[in-house]
Amino acid sequence: VPSPGTLGPVAIAGAGALGTALAHALVGAGVPVVAVASRHAARAEALARGLSGVRAVSLAEAGAAAPIVLVAVADSAIEDACQALQASPGTLLAHTSGSRSVAALDAAQARGARVGGFHPLAAVVSAPPGRALSPEEWASSFRGAAFAIEGNDDVQALLAPLARALGGWPFAIAGSDKPLYHLGASMLAAFSAGLAQLAWDRMRAAGAPDEVASAGVGHLLATVAGNVARASSPAAALTGPVARGDAGGVLRQAAAARQLSAEAQVLYAAHAEHNIQLAENARRISTAMAQELRDALLRAASLAREPLR
Ligand SMILES: NC(=O)c1ccc[n+]([C@@H]2O[C@H](COP(=O)([O-])OP(=O)(O)OC[C@H]3O[C@@H](n4cnc5c(N)ncnc54)[C@H](OP(=O)(O)O)[C@@H]3O)[C@@H](O)[C@H]2O)c1
């Protein structure tokens, strides 16, 4: 980890969920964050109030406030923000979108600015209303995260140390690879949270209080995350009846999903088929077993609605 004195200074444009978390975490890591800006001045002012040494400025001022400006605005607003920022020649403007390339910053490049992409592979939400996060909580959003960094060698040399200062793992990415890279990451983050809601609802329906359901679902996801992080590849961390080659278990689960809702049925069938393929490719189950599991899915789909046993 480089010493903080060799990093930044940084300005942040966009005081949304990610811009706010980055501002807090960078300050906590000792990186000088000198200015924050946002479309709505009040949001930048509120963020700056909670951070010592940070000024709230207009977007136009932010473009010249620091040699590195992180543009953490909505994906579809990058071009507008880039125009508003009026980056000075030589300034490095880096947006935080995982799916868009640095071409979204062409207007800044035409004015002589350097351009880059700085995408933390982390799911960041705004702090719950009325709850101030601790420096440790802000830091934990990025510690251990991969950071996809787009840009030439000079840009990599400026942005990778920021990722390392946050305890992250920078890697270089080409703009053309970003849409599919981000598709995988976004499906994982968004759909696992959606599946957590399904699990939470079933725990509540089974009698668990809200807080037990929330802690329980969070813990379950954390154990999956730990297993995946330690495994040689995520397929080695699959659990459940598919990974065990338990056709009877798959039949009972598919039938239960069918009773729950049409949506649960579709989700279950798609995920089970995906996991059968993964388990077979990873040689965790034989081809014959994979066929038995697929037969169980077909059988469940053809079952009439009848009480589960
Ligand atoms: N949240 C995550 O987990 C995460 C992770 C990695 C990357 N990212 C990326 O980070 C970026 C921001 O995401 P977010 O989750 O922080 O979104 P967000 O909470 O919705 O914040 C969006 C920000 O964009 C600003 N904005 C919207 N339209 C604008 C415009 N026309 N001109 C200037 N600013 C505008 C908003 O300003 P006001 O608040 O002042 O209206 C707000 O600060 C996106 O590129 C996203 O893909 C997010």
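Values in this text are rule-based calculations from the coordinates and carry no lab data. As the structure is a prediction and not an experimental result, all values here were calculated from the model. Cβ placement follows ideal geometry from the backbone for every residue including glycine, while neighbour counts extend to all protein chains displayed.
General observations
- Loop trypsin sites (Lys or Arg not before Pro), segment 228-296 (other Cβ atoms within 10 Å of the site Cβ: 11 or fewer; DSSP): R283
- Segment 159-243 has equivalent-ellipsoid semi-axes of 31, 16, 14 Å, by the square roots of 5 times the alpha carbon gyration tensor eigenvalues, sorted largest first.
- Over segment 138-230, relative contact order from alpha-carbon pairs under 8 Å, at least 6 apart, %: 21 percent
- The loop-placed trypsin sites (Lys or Arg not before Pro) in segment 113-212, going by DSSP, that have at most 16 neighbouring Cβ atoms within 10 Å of their Cβ come out as R131, R143.
- Normalised alpha carbon radius of gyration of segment 115-268 [divisor 2.2 N^0.38 Å]: 1.29
- Estimated D of the chain in µm² per second, where Rh is the Kirkwood radius over Cα pairs and Stokes-Einstein applies at 25 °C, 0.890 mPa s: 113 µm²/s
- Annotation for segment 126-157 versus segment 66-120: alpha-carbon center distance of 18 Å.
- Cα-based equivalent ellipsoid of segment 63-182: semi-axis lengths in Å, sorted from largest, via gyration tensor: 24, 17, 14
- Working from Cα pairs under 8 Å separated by at least six residues, relative contact order for the chain is 12 percent.
- Relative contact order [Cα under 8 Å, 6+ residues apart], segment 48-170, whole percent: 19 percent
- Once the gyration tensor of the Cα atoms in segment 1-143 is diagonalised, the equivalent ellipsoid follows with semi-axes of 22, 16, 15 Å, ordered largest first.
- Dipole of segment 181-309 computed with +1 at Lys/Arg Cβ and -1 at Asp/Glu Cβ about the Cα centre; of A288, S232, A215, farthest Cα towards the positive end is A288.
- For segment 105-162, the residue among A139, Q156, V115 whose Cα projects farthest onto the positive side of the dipole built from Cβ charges is A139.
- Per residue, the convex hull around the alpha carbon atoms of segment 231-304 comes to 72 Å³.
- Among the DSSP helices (H) of the chain, those spanning at least 24 angstrom by Cα along their long axis with an average Kyte-Doolittle hydropathy of -0.5 or more are 178-205, 210-230, 262-281; this is a geometric and hydropathy rule only.
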